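Structure first, commentary second.
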Amino acid sequence: MPEYYKLKNRKILLGSLIILLVAIFAILLTPLSAYSYHEQNLEQANMRPSAEHWFGTDRLGRDLFTRVGYGTQTSLLVAIAAALIELTIGTIYGTLSGYLGGLVDEILMRAIDILFSIPYLLLAILLLVLLPPGKGTLILAIGFTGWPHMARIARILVIRLKTQDFFLAARCYGAGHLRLICGHMLPQMLKAIFSQLTLSIPAAIYSEAFLSFIGLGVPMPQASLGSLIQEGFTVFPLYPYQLFYPAFVLSLLLLGFTFIGDGLQSLYSRKLLKGEEYFAAQPPARSFQPTGFISYKN
Amino acid sequence: MLPSPLLEVSNLQVSYHIRTKSVKALRGINFSLFENEILAFTGESGSGKTTAALACCGLLPANAHLKGSVRFKGVDLYSVSVKKLHQLRGKGIAFIFQDPQSALNPVLTAGKQVAEVLHRHRGLRGQILMQETRKLFRQVGLKHSHITSYPFALSGGECQRIMIAAACAGNPALLIADEPTSNLDLIVENEVLALLEKLQKGYRFSLLLISHDLRVIARLAQRVAIFNSGLIVEEGTVEQVFKSPRHPYAKRLLATVLHKGAGE
């Protein structure tokens, strides 16, 4: 196996390790807990972390360990599903636009420009207000507002590939449109698309947390990292641990995914093999920057 | 002369629109290619050789504007349906490119790219498809181990052989080779030319060969057409043109080779 595939990149390894640990905590350990996420016990409200309640309890006496684990599950589910929706819509839209070219491309791209000019959160909030609250609504709201980036990347890739000799050669051997797109273009786009996916997942986690924080997330008593942070924030001066745990897990998740995304990006820009030059010249994907993200989206 | 030509191009004019300007690449050319014949195009860069070749299989870029007609087996390529054109390409007309390494898809194995043409034009599947692919690889002088290699792991000569295998997979009536050997060193060039010669005799396709190299033309072609600024300035059998060129440009072109003492 060539050196390239050995996953030498420490960033990717570290990122994967962090995600794995958080996933083990959320998916494997949480169900083993003796408490459920909605079970209230007012006698034990606002307990500090102890052997009985590892992360303490909240103001209604619910076990915070279970709630953080459950919230992580919700956040991960929402983020991954939303990123997959972004990926699907964006890739199809961008590929069509780039492949057809001409007037169709122009119209489709101007439509995206208009979408970009509408504040992203406004659109998401509007969708959340119209639809009943829940995980599905969050997924739709984040997925349907985040795809234009992916569409632009897919379009650029297709336009680049369209002018290359092998594309002409494939046309020349009589390959149909579907075969050209799915057989010849998509395999070459996969790398860039997946590295973009590893950057849209943390962006989606962040959007979910933000929407939950301002009260547009999953309904009570369900929990997500954003709503837990919001609850913890209200009692922060008295019980800082209630804010600390969900915020810590959120940070870990963002860090892990961003590490993987950055690592993949830098892997692609390395020319280890001759054939990799194709991928090296591809446009850099949007990198995830939480601070710029907030100001942009507001 | 044979009664009906395989490919008949009459008064072909092509211009490229670049922003507001229009550049004439071909200014009315006529030629025909008969079955089992090898015709060579030569001439300087930008004289319209490649444009003429691309026009012969309907692969001109989107900004090209075309007048005149290209008839393949009596069918006008620019008035048939897209579906028919897709069928014609590969099965009727195949194309070999100048730079084989960029003409192969870098993320598909060599075998897959050849098999794709076999599947598309002969409807082969499964075991038979594998057998035919192996047969083609043998024919073009590649090892079986090359079937699972990716293009970047192969040399230029090996890639060109794969292109030739893919071209022959559709069993075409016409093969257009656009400077098939200009990126290869002399020994590999010799091998590839010998291969083309052998396959042409075996498959009995007509070959439209584009080349700068007059030695290559002298070796393979029966007839030659010399291009200059979008026109065919001289056309005839290789012997006739090479021995007694009439057009001043043709004279100059041939003089370059004679000076070096190479070629006939």
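Tabulated results
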read-out	value
Accessible-area composition of the protein assembly as shown, carbon plus sulfur, in percent [1.4 Å probe]	61 percent
Inter-probe distance in nm under a simple model that places probes 7 Å from Cα toward Cβ, at A:Ser266 and A:Leu29	2.9 nm
Net charge dipole size for the protein assembly as shown [Lys, Arg +1 and Asp, Glu -1 on Cβ; Debye, nearest 20]	1400 debye
DSSP beta bridges in the range B:7-260 [antiparallel fraction, %, rounded to 5]	60 percent
Most to least packed among A:142-153, A:162-173, A:211-222, B:162-173 [average Cβ atoms within 10 Å]	B:162-173, A:142-153, A:162-173, A:211-222
Mean-position separation - Cα centroids, the range A:237-265 and the range A:50-70, in angstrom	18 Å
Long pairs among B:Lys91/B:Lys135; A:Lys162/B:Lys198; B:Lys67/B:Lys251, criterion Cα-Cα beyond 22 Å	A:Lys162/B:Lys198; B:Lys67/B:Lys251
Rg(Cα)/(2.2 N^0.38 Å) for the range A:100-211, N = residue count	1.32
Neighbouring partner chain Cβ atoms per residue of B:93-103, average, 10 Å criterion	4
For the pair B and A, total buried accessible area rounded to nearest 100 Å², probe 1.4 Å	2100 Å²
Fraction of antiparallel bridges per DSSP, the protein assembly as shown only, in percent to nearest 5	60 percent
Helix axis angle, B:186-203 relative to chain B longest principal axis, alpha carbon, degrees	80 degrees
Extent along principal axes [Cα atoms of the range B:7-260; Å; largest to smallest]	55, 46, 35
Distance from the range B:86-127 to the range B:172-191 (C-alpha centre basis), Å	17 Å
Average projection area in nm² (convex hull over Cα atoms of the protein assembly as shown, one quarter of hull surface)	32.1 nm²
Cα centroid of the range B:1-72 to Cα centroid of the range A:191-229, whole Å	58 Å
Stretchable slack from A:Ser36 to A:Phe144, in nm (0.36 nm times residue separation minus alpha-carbon distance)	35.6 nm
Cα long-axis angle, helix B:82-91 against chain B (0 to 90 degrees, to the nearest 10)	80 degrees
Distance-filtered residues of the range B:211-226 - backbone nitrogen under 18 Å, label point 7 angstrom along B:Arg27 Cα→Cβ	B:226
Long-range amide H partners of B:Ile232 with built H, under 5 Å	B:Asn30
Ordering of B:150-159, B:48-57 by packing [mean C-beta count within 10 Å, highest first]	B:48-57, B:150-159
Cα convex hull of the range A:167-223, projected area averaged across orientations, nm²	5.9 nm²
For chain A, size of Cβ-based charge dipole, Lys and Arg +1, Asp and Glu -1, in debye	920 debye
Per residue solvent-accessible surface (Å²) - the protein assembly as shown, probe of 1.4 Å	47 Å²
Pairwise label distance in nanometres, A:Thr88 with A:Ser16, each label 7 Å out on the Cα-Cβ vector	2.7 nm
Per-residue mean of C-beta atoms belonging to partner chains within 10 Å, peptide B:82-90	3
Average beta carbon contacts from partner chains per residue of A:161-167, 10 Å cutoff	5
Nearby aspartates and glutamates by direct alpha-carbon distance to B:Lys24 (threshold 16 angstrom, same-chain neighbours under 8 apart not counted)	B:Glu44
Rounded to whole Å, sorted largest first: equivalent-ellipsoid semi-axes of chain A, Cα gyration tensor	41, 22, 14
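The values are calculated or read from the model by the stated rules, or taken from the named source; none is laboratory data. Just so we're clear, the structure is a prediction, and the values are computed from it rather than from any experiment. Don't worry about glycine lacking a Cβ; one is built from the backbone with ideal geometry, like all the others, and counts go over all protein chains shown. Please note that ligands, DNA and RNA were not included when accessible areas were found on the heavy atoms of the full protein model with its side chains. Shrake-Rupley method; radii C 1.70, N 1.55, O 1.52, S 1.80 Å.
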